[in-house]
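What follows is a single structure, written as structure tokens, with notes after it.
The values are calculated or read from the model by the stated rules, or taken from the named source; none is laboratory data. These numbers come from a predicted model, not from an experiment. Neighbour counts run over all protein chains shown; Cβ positions are idealised from the backbone, glycine included.
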Amino acid sequence: MVFRVSGVPMVGTLYFGLVDRGTNVVEVRPTSVCALSCIFCSVNAGPKSRVRRNEFVVELDDLLGAAREVARFKGRGVEFHIDGMGDPGNYDRLVDLVAGLREIPETRTISMQTRLFMMSEDKIRQLAEAGLDRINLSVDALDVGLAARLADAEWYDVRRAVELAEYAVRNTGMDVIVSPVWVPGINDGEIPRIAAWAHAALGKRWPPVLVQKYVAHKRGRKPVREMGWRAFWDALRRLEEETGLRLVFEGDAFGIERRAPLPRPYAVGEKVRLRVVTRGIFAGEYLAVPLRLRGSAIHDRSMTVVSDVELPEGAVVTARIIENRDNIYLASPATGQPRRAFRRGSPYSR
């Protein structure tokens, strides 16, 4: 099921909207849809997922309206990084999203994480003209067979992504950096190959390669045992010595600055009256919004309610906040069975 998101707060959940981690970089999440089912995916995305039961696509005006508010709060020099629990390359209003973000006065950089293969040369030109500065390309192997195995999609051809990345660098003002996930024991030999290609063909304004560590998440796919952080950094530095290629970069290489985080309007342990909007991405999760809202992206929040009891759409529940890290709210029902909402005129009634 794909749920079209409109009229709900754009901050507060990882499913969609805006994520602020206390820097000048604001994550923009327009969709959770992904066509691949990567064997190491931290969010278990793709058509082969056995645990996801809902996907989200955000209406453009809602997303841009919230982005404008958050940018004013953050001040000048904002980077909007388009990513998500899927691949934003699948978003049907992607060019319009980039153009809208570029019109925000506080915007300095617009970047996007994508596997790129679903695009065309024409789409890349349109994105460049709309104002996209950088593509963070997800490529985990250059070997065609291994890349398809990692993506768990026989039809996936990494050569197309490579062609489009090189086209973007040669023919537009955009930059491309490659960000492979190092899955130990599976693509070890591909990391230096990817790094060599990136240093030769990509990275005009930013570092050409940013190797990511595979992290085993609770609901993600776990094909191998996770490498420890110290072992990961030590391995990267050994690769630097062996290849002569720089692989370790600090945050300032990407212009990341600490900024005041958005206010957290609800505290852990606080009880909040919520209205259930729809099911969440995973079983046992529900998207919900507080009954009392201020009409502001700075102060209003969507929340993920975790419940063993089925929560029907429109139900009103009293929930207790169990987590609010980075303004991502998790809550659980504080009382028994939910009751049906009876308030008319709610902005979330359907």
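Quick notes
- Considering N90, N136, the condition of being polar (S, T, N, Q), touching a residue at least 12 places away in the same chain (Cβ under 8 Å) and farther than 27 Å from P261 by Cβ is satisfied by N90 alone.
- Test: residue in segment 155-162 that is over 23 Å from S49 (Cβ atoms), assigned to a strand (DSSP E or B) and either touching a residue at least 40 places away in the same chain (Cβ under 8 Å) or among the hydroxyl-bearing types (S, T, Y) (or both): no
- Residues of segment 153-189 that turn out to be under 16 Å from C38 (Cα atoms), of a type in the set (D, E, K, R) and crowded, with 18+ Cβ neighbours inside 10 Å, as a count: 0
- Set side by side, the residues L239, L245 differ, and just one is in a helix (DSSP H, G or I), in contact with a Pro (Cβ under 8 Å, 6 or more places away or on another chain) and more than 22 Å from D20 (Cα to Cα), which is L239.
- Only one of I177, I194 that is in a strand (DSSP E or B) and closer than 24 Å to A45 by Cβ: I177
- Set A297, A288: member being in a strand (DSSP E or B) and under 27 Å from G65 (Cα atoms): A288
- Of residues in segment 300-350 being among the β-branched types (V, I, T) and in a loop (DSSP other than H, G, I, E, B), the one modelled with the lowest pLDDT: T335
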